[in-house]
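Only the coordinates and a few stated rules stand behind these numbers; no lab work does. As the structure is a computational prediction, the values presented were derived from the model and not from experiment. Counting neighbours? That spans all protein chains shown, and the Cβs are built from the backbone with ideal geometry, glycine included.
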Amino acid sequence: MPKSQTDMFEFNKEPIKGYPELRWAGKRPFTGTSYYPAQLKEVHGKAADDGWMNKLYWGDNLQVMSHLLRHYRGQIDLIYIDPPFDSRVDYKKTISLRTKKVENDFSSFEEKQYGDIWVNDEYLQFLYERLILCKELLSQQGSIYVHCDWHKSHFIRSLLEEVFGCQNFRNEIVWKRGSVKGAKVLGKQFPRNHDSIIYFTKSDSYTFTRQNLPFDEKYLKRFDKDDHDGRGPYRDDQAIGTRSAESIEELKRQGIIFEQNGKLKIKSYLNERDGVIVDDNWADIPDENVMSKTRTGYPTQKPEALLERIINASSKPGDIVFDCFMGSGTTQAVAMKLGRKFIGADINLGAVQTATKRLLNRSKELQEGNDLFSAVTTYYTGFEVYNVNDYEFFRNEPEAKNLIVEALGMQALPQNSLWDAEMDGRMVAILGINRIATASEFEKIVANIDISSWQKKQNENPGKPVEKITFVCMGHDPNLEAMFHEKMASLGFVVDLEIVDILRDKKELTFKRDSDAKVSIANGKLTIEQFYPMNLLQKLSFERQDVADWKELVDCVMIDWNYDGVAFTPTVTDIPEKDSLVKGVYDVPEDAGTIHVKITDLISESWEGSFNVEGSKL
């Protein structure tokens, strides 16, 4: 008889006393990981004097961290992550033409960036595995801050206690996002208006610097503004009675303790650098708003002031800060401003493109003398962009699944179901996107199958496959099929499994239309004459001739005048302001060799081309 679903995944049946464990259906121990290669794609700026280059990775953060372990195990000083919240919604970004007033549905649209809808307890396993790798990367002095909300904060703290140890819990910080408005007051409950940031450390020898807010005006009025020593009113020192006679005499010699009317007094000083101590209730940092100059339009973007407080509190200049759910790059932009080294990762190409553009702007600001801090002696502004596993097919996972379903002619199923689609009577699961499919990919399926339903099918048709299943993947472990059959056999089931590897079996499939551009080089000028981002045009419901100016479709232009054919190292980064357009015409330097041009559109898809100095395409 098949084992029950509870028995299947039990491990550590005897928990250690004093170390409670969170359990869920399908919980699997995470005892090791493979090394995944990374390919250098872009280089921006130069290394610091100590040789450090910041790094951004496009890829599944589980594989990115597995890659990082080889060189950075125990080297990361601070980790901040803002993972999915299991909020049961999809997050979208509004895309509209540059400088064009949006007047109808054909000049703007919403582009899905990532989904936050999970099957049963798949979310907990997803986060559990990543927290284990975070711990491996942290130094002994390191800290981790996990940003969450009411959906799963109680579970996340339990996961953190299991991974890091309850003795290393420091704070659950309450961040009040702003004032309650509009629809938030509806419903028979108090409006939800805060996030939780759960703070753990690797050990008890961690880095921490107390943070302070300026004194308010009412408090300052108590002090004599003409007293340049900052000396304020006297007060009784209630602790004087506990001091030793030697200590009191020493403080008398320093003029701090004195005698007045037969009583010992201590002088009170106002030190404006100290201010009011910041506790674990943060109500002074408003959420990012649409008018903010740092606003990127990326969903769930957090304000820079929030990350400034965390980075200042739990790291020192020159420390390494890591965020593997990078999003728009707020952690990296603040780390650069505060003189920290950084590493970032995201599975969404749009996030990597947004962060790259933001960091180039931040680097420019620092080089021009803006946002400089007196406490920072070295700014780490150079960074590299890598791919993990050399996949360049899809910008994000939701888009990928939709395109695969459409390309293979399958019937899509609801996002909260176990299967992604149905095709010719077979249940289809789309495994790793932009990563190799391994046994861990199908474990979440095994953990969520309806055991009782399968047992009923088996009893009705003994000896026949209980289900017809198709795995669709982009590269896979050669033992994947055998491992799945072995897992099913251990449960007492036989299945009909086929694996469709779209990199190997379906190479002729067209998932998206390629972009095109017309570039000319003459009289010392490189001119972009036209740009046709076909997928964006399709989404906008425009034909080519309907776009008045191709520049309205462009997010940025980058040019490497001496491309080595390996790493794109642009010296021209044309990133216009929100209401401006790229130049489109650029001076070609005299020492130009192989010229490589990259044009990125509003949905983060890029066209790239190489030319010689005469203008011939290579």
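For region 302-308, the Karplus equation 6.51 cos²θ - 1.76 cosθ + 1.60, evaluated at θ = phi - 60°, returns couplings of 9, x, 5, 4, 5, 6, 4 Hz by residue, with Gly and Pro reported as x. The peptide list 337-345, 581-589, 76-84, put in order of mean Cβ contacts within 10 Å with the highest first, becomes 337-345, 76-84, 581-589. Taking packing as the residue-averaged number of other Cβ atoms within 10 angstrom, the listed peptides 318-327, 490-499 run from highest to lowest as 318-327, 490-499. For the pair LYS468 and THR594, label points projected 7 Å from Cα toward Cβ lie 4.9 nm apart. Net length available on complete extension from LYS583 to ASP149 is 152.0 nm, with 0.36 nm assigned per residue and the Cα-Cα distance removed. For the peptides 34-42, 424-432, the ranking by packing is 424-432, 34-42, with the highest mean count of neighbouring Cβ atoms within 10 Å listed first.
Starting from 0.36 nm per residue, how many nanometres of slack lie between SER203 and VAL494 once their C-alpha separation is accounted for?
100.0 nm
In plain terms, the chain from GLU136 to PHE30 could stretch by 36.9 nm, reckoned as 0.36 nm per residue minus the Cα-Cα distance. Taking 32 Å as the limit for the C-alpha separation, the pairs LYS152/LYS202; LYS135/LYS468; LYS293/LYS341 exceed it in the case of LYS135/LYS468.
If R0 is 56 Å, the Cβ-Cβ spacing of GLU368 and SER179 corresponds to a FRET efficiency of close to 0.95. Residues in region 131-175, backbone N under 13 Å from the label point at ILE16 (7 Å along the Cα-to-beta-carbon vector): list them, ranges by number please. Inside the label zone: 161-168.
Can you tell me the FRET efficiency between ARG210 and LEU40 if r is taken as the Cβ-Cβ distance and R0 is 45 Å, rounded to the nearest 0.05?
Values: r = 40 Å, r/R0 = 0.89.
Computed FRET efficiency for ARG210 and LEU40 comes out at 0.65.
The simple spin-label model puts a point 7 Å past each Cα toward its Cβ; for ASN281 and CYS166 those points are separated by 2.6 nm. Once the Cβ-Cβ distance of TRP52 and GLU460 is raised to the sixth power relative to R0 = 60 Å, the FRET efficiency obtained is 0.40. In a DSSP loop and with at most 10 other Cβ atoms within 10 Å, the GluC sites (Glu not before Pro) in region 339-447 are GLU368. With a cut-off of 12 Å between beta carbons, the residues surrounding ALA345 carry a summed charge of -1, where Lys and Arg count +1 and Asp and Glu -1.
I want to make sure I understand the PRE zone here: with the label point 7 angstrom from the Cα of ASN402 toward its beta carbon, which residues in region 331-352 have backbone N atoms less than 19 Å away? Label zone hits: 347-352.
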